[in-house]
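Here's the structure we're looking at; comments come further down.
The values are calculated or read from the model by the stated rules, or taken from the named source; none is laboratory data. Remember, predicted model here, so these are calculated numbers, not experimental data. Reconstructed Cβ throughout: ideal geometry from the backbone, glycine too, with neighbour counts over all protein chains shown. These accessible areas exclude ligands, DNA and RNA; they are computed on the full protein's heavy atoms, side chains included. Shrake-Rupley method; radii C 1.70, N 1.55, O 1.52, S 1.80 Å.
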Amino acid sequence: MSNDKPLALVTGASSGIGFELAKQLAERGFDLVINAEDAARLQSAAQQIRAKGAQVKAVTADLRVYEETEDLFAAATTLGRPLDVVALNAGVGRGGAFADTDLADELEIVDLNVRSTVHLAKRVVQDMAVRGEGRILVTSSVASTMPGSFQAVYNASKSFLQSFTEALQNELKDTGITLTSLMPGPTETDFFHRADMDDTKVGRQDKDDPAQVARQGLDALFSDKDKLVAGSLKTKAQGLANKVLPDTAKAQAHRNMAEPGSGGHKSTD
């Protein structure tokens, strides 16, 4: 890679919001280091992003694994170029009653959404602190603002990320490092299918455009905003409502959207 452009790292970049973040960063003049676990989809994403005129290094790594997370950071920082923007976007969910879901699936959420984000943030913040500059975008969620009935661990993981990001914003306020929390609502990605939520109301409803979410998130990042509820007007209204509704009401509303079978099409036999 040459060094005539700024460099960005995006995790979870093979599809959905992550892919759009990477593609739009390329359109804004960045070269990219992109990461995902699925090598084939990551290479396909890299080809599409290169078509935007960016140099792209694709690093296949499972960020649930400590060593592979270390490998990703090493690959991103041994190019002889500083990381100007880092989008910590990788995440996974699992729907269903907590009593019924597999423990391994729940721990995967903790390992990817929480543990790997903390791990990479530690490395990235320390690296940026040496230079006294850099921008970090953390993909949180509107889910961070409400108890997640039938998505208990996922919502809790996003609440962790929200608190974590806001704490670092305060710690780093007198440095040249900024953090922005991106808070999408239900978005048209593979998320709900992978989370086994196709039969839920939220899984069946119309969802926000990932390109719109990414564009709003990057606009917020480069405007030094602390956080942004991104997506449609409906999602933004939900974000406002969640500021005033009691937690019990939000938990029930989440149950209505995420309970297995809530999407209808049940058998009447």
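Results, tabulated for the structure shown:
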item: Some residue of segment 26-43 being farther than 27 Å from Ser159 by Cα, outside any helix (DSSP H, G or I), of a type in the set (A, V, I, L, M, F, W, C) and open to solvent by 30 Å² or more (accessible area, probe 1.4 Å); result: no
item: Selected residue [touching a strand residue (DSSP E or B) at 6+ places or on another chain (Cβ under 9 Å), aliphatic (A, V, I, L, M) and under 22 Å from Gln252 (Cβ atoms)] from Val124, Val142, Val138; result: Val142
item: Near pairs, Cβ below 7 angstrom, 6+ apart or cross-chain, from segment 1-23 (in contact (Cβ under 8 Å) with a residue 24 or more places away in the chain and open to solvent by less than 10 Å² (accessible area, probe 1.4 Å)) to any residue that is acidic (Asp, Glu) and not in a helix (DSSP H, G or I); result: Leu7/Asp31; Leu7/Asp84; Ala8/Asp84
item: Segments classed as helices (runs of 4 or more DSSP H), wholly inside segment 176-254, with at least 3 members that are at pLDDT below 95 and open to solvent by 70 Å² or more (accessible area, probe 1.4 Å); result: 233-241
item: Residue list for segment 210-269, restricted to those being in contact with a Ser or Thr (Cβ under 6 Å, 6 or more places away or on another chain), within 28 Å of Ile177 (Cα to Cα) and not β-branched (Val, Ile, Thr); result: Pro210, Ala220, Leu221, Asp224, Lys225, Lys227
item: Test for Gly80: is it over 19 Å from Gly18 (Cβ atoms), touching a residue at least 60 places away in the same chain (Cβ under 8 Å) and not β-branched (Val, Ile, Thr); result: yes
